[in-house]
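First comes the structure, then the notes that go with it.
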Amino acid sequence: MELVSRQDPHLREVVRFAACCRALTLLLQARSLLDFNPLFFFQALFNLLIPDHAADAFSPPRLSEPGPWDLLVERLLGGLSRWDAEHFLFIAERGYLYEHNCAFFPLYPLSLRAVAQGALWPLQGLLRLRSRLLLSAVLLNSLLSLLAAAALYELGCAVLRCRRVAFLAAVLFSVSPANVFMAAAYSESMFAFLVFSAMWQLEKGQSWLAGLLFSLASGARANGLVNAGFFLYSRGKRFALQLQVGSGSVRKLPPLWKQLLSVASSAVLMCAGIFLPFALFQYYAYVRFCDPGIGLEPIPEPLLQLARDKGYRLAATDGVKPPWCSQRFPLVYTYIQGAYWNVGFLRYFELRQIPNFLLALPVTLLGSWAAWTYVVANPRHCLTLGLERRKSEEGGKPRAGFCCPAVFVYVVHATVLLVFGFFCMHVQVLTRFLGSSSPVPYWFSAHLLQEHEPLLWSEGTDHQTAAPRSEKPLLSKPPGSCGKGPSANPVVRLLLNCRLITPLSRCVLGFFLSFWLLGLILHCNFLPWT
């Protein structure tokens, strides 16, 4: 990707803008140390006006006294260890000690531990393990968010066949409404990088590499299992199109039963690889919590006391097994979601949850509008599930942009996640749930801006990737530093001309930037957020 970035100014600008946004995020969340720094001043003001909320969240005791350098790390980066980040950091330090820790998959905590014990090993004399884990989370997520932005740009070029929209979508990803979760010790940045990279490799025809990346993604988050649908659709579409070839090409194809066997075997192998990390993790949890005394290490008394005070279930040291151990399919993940967080169909539909539904309203409207726009633009393509060979495909000139045929499977994927999240999950997490799992929110937002914002319009109508003339307005000046050459970045240009942009553009950018900033203010002060 480094070689590509030297050749493609769009990709180079995507990476630079992502780096600047990540640096700004880290500065804004840090506690004030130097009052003359305006960024620290604003965060100090936020902390004064909005003090840390006394949340009833997982907060394990610190078993060792912090040193001066630990206090400095906590002061600078402590805002990124709130809420679920405590689970990831605790798992990386202590393993899966409590039952409800098993709601958080192991790839990200393992990565944090590897960085803390590897790259940051020279700092062990200055920092305790938890401080090194927090620093590892910041460094790892900063790198992964940059790579995710680059992968989203490459994926957009491959699928949309419109470099302008792909560029704008990747830039919007850097100011994602889920930004605080991309920076905090959460698995969102890792998952976004793995998923976008896997989708890109699948579009390039690198099925086995895509399968490996999708498999890793399912080791980071449970919704990675849904990505098996991309392989099933890819294989099914290829088989359906082969059946529709002209009569002159029939003799060149293998017999029908061989085609079916090849499609079925490859699909089963790929899906098995994607489900394997999930199955292994469930087996690990079963062995740890359902087989008393196997591989148990002594537990420090403060952590035992926390379990007694909060009612956390430890491994079955007393011979009492959790109820999920006796189920026909003992899946700890589904049990925890229902028993600890009341996750289930329509369980969140309560009057007291109306504020959370309002938080999820913007991304719900955006996702629904994206699906509706695509269906209206491609009714026949949607009715045939994209399995019908089209004349435009035979002529080698497929349609470009968000409404092109290749986007179909991504719209279906995003819609499935949206519907499932709205009816079966804590609805306020929809923003980060979709923002780290699907490119559609960024593609559709870029589509709206490109189609309805005159400041982004250019001469000519050719939007194809290979058309350099259509790219001149976006890169009228060479991409420079974050503070120079604003015309190279469409988002910066729109912000600098905010009084001239259309109401729709203000709504789109307002959603992205308001959630970007509010997430930092509220989440880092232990207040509920998406």
Handout entry: Residue tally, condition open to solvent by 40 Å² or more (accessible area, probe 1.4 Å), in contact (Cβ under 8 Å) with a residue 12 or more places away in the chain and within 16 Å of LEU209 (Cα to Cα), over region 270-293
Key = 2
Handout entry: Residue within region 207-220 that is touching a Gly at 6+ places or on another chain (Cβ under 6 Å), touching a residue at least 40 places away in the same chain (Cβ under 8 Å) and of a type in the set (Ser, Thr, Tyr) present
Key = yes
Handout entry: Every pair of residues 6+ apart whose Cβ atoms lie under 8 Å, when the first sits in region 296-313 and is touching a residue at least 24 places away in the same chain (Cβ under 8 Å) while the second is part of a helix (DSSP H, G or I) and surrounded by 10 or more Cβ atoms within 10 Å (Cβ to Cβ)
Key = LEU303/ARG94; TYR312/GLU99; TYR312/HIS100; TYR312/LEU306; ARG313/GLU99; ARG313/HIS100; ARG313/PHE289; ARG313/ALA307
Handout entry: Conditions (1) modelled with pLDDT under 90; (2) out of contact with any Leu (no Cβ under 9 Å at 6 or more places or on another chain): number failed by HIS87
Key = (1)
Exercise for the section: Would you check if PHE444 is surrounded by 14 or more Cβ atoms within 10 Å (Cβ to Cβ), modelled with pLDDT of 90 or more and among the aromatic types (Phe, Trp, Tyr)? Expected result: yes
Exercise for the section: Kindly establish whether THR364 is within 22 Å of VAL287 (Cβ to Cβ) and either open to solvent by less than 40 Å² (accessible area, probe 1.4 Å) or in a helix (DSSP H, G or I) (or both). Expected result: no
Fill in the blank from the handout: Of the residues in region 112-123, those that are surrounded by 20 or more Cβ atoms within 10 Å (Cβ to Cβ) and either among the small types (Gly, Ala, Ser) or closer than 30 Å to ALA166 by Cα (or both) come to ALA116
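To keep it simple, each residue is scored yes or no on (1) surrounded by 22 or more Cβ atoms within 10 Å (Cβ to Cβ); (2) in contact (Cβ under 8 Å) with a residue 24 or more places away in the chain; (3) part of a loop (DSSP other than H, G, I, E, B).
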position: LEU63; (1), (2), (3): no, yes, yes
position: GLU86; (1), (2), (3): no, yes, no
position: LEU89; (1), (2), (3): yes, yes, no
position: GLY125; (1), (2), (3): no, no, yes
position: LEU134; (1), (2), (3): yes, yes, no
Exercise for the section: Name the one entry in LEU126, LEU97, LEU133, LEU120 that is modelled with pLDDT of 95 or more and hydrophobic (A, V, I, L, M, F, W, C). Expected result: LEU133
Exercise for the section: Give region 331-356 a look and list any residue that's open to solvent by less than 60 Å² (accessible area, probe 1.4 Å), farther than 19 Å from GLY311 by Cβ and either of a type in the set (Gly, Ala, Ser) or not in a loop (DSSP other than H, G, I, E, B) (or both), or say none. Expected result: TYR333, GLY344, GLN353, ASN356
Problem - Any chance VAL411 is hydrophobic (A, V, I, L, M, F, W, C) and modelled with pLDDT of 95 or more - result: yes
Problem - Test result for VAL263, without any contact (Cβ under 8 Å) to a residue 24 or more places away in the chain, over 28 Å from TRP83 (Cβ atoms) and aliphatic (A, V, I, L, M) - result: no
Exercise for the section: For PHE349, state whether it is closer than 30 Å to LEU276 by Cα, modelled with pLDDT of 90 or more and not polar (S, T, N, Q). Expected result: no
Problem - Lone unmet requirement of (1) at pLDDT below 85; (2) open to solvent by 50 Å² or more (accessible area, probe 1.4 Å); (3) farther than 30 Å from ASP309 by Cα for ALA30 - result: (2)
Handout entry: Qualifying position, being within 20 Å of the chain's Cα centre (by Cα) and over 20 Å from PRO61 (Cβ atoms), among LEU110, LEU120
Key = LEU110
Practice task
Just name the residue that is most open to solvent (accessible area, probe 1.4 Å) out of those in region 96-111 that are assigned to a helix (DSSP H, G or I) and farther than 22 Å from PRO300 by Cα.
Solution key: LEU107
Fill in the blank from the handout: Residue pairs within 7 Å by beta carbon, gap of at least six or interchain, first lying in region 441-464 and more than 10 Å from LEU168 (Cβ to Cβ) and in a helix (DSSP H, G or I), second modelled with pLDDT of 85 or more and open to solvent by 70 Å² or more (accessible area, probe 1.4 Å), listed first then second, are LEU455/LEU500
Fill in the blank from the handout: Exactly one of GLU93, GLU74 is in a helix (DSSP H, G or I), farther than 24 Å from LEU216 by Cα and either open to solvent by less than 30 Å² (accessible area, probe 1.4 Å) or touching a residue at least 24 places away in the same chain (Cβ under 8 Å) (or both), and that residue is GLU74
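The values are calculated or read from the model by the stated rules, or taken from the named source; none is laboratory data. Everything numeric here is computed off the predicted structure, so don't read it as measured data. When we count neighbours, we look across all protein chains shown, and the Cβ atoms used for this are built from the backbone with ideal geometry, even at glycine. For accessibility, only protein heavy atoms count, side chains too; no ligands or nucleic acids. Shrake-Rupley method; radii C 1.70, N 1.55, O 1.52, S 1.80 Å.
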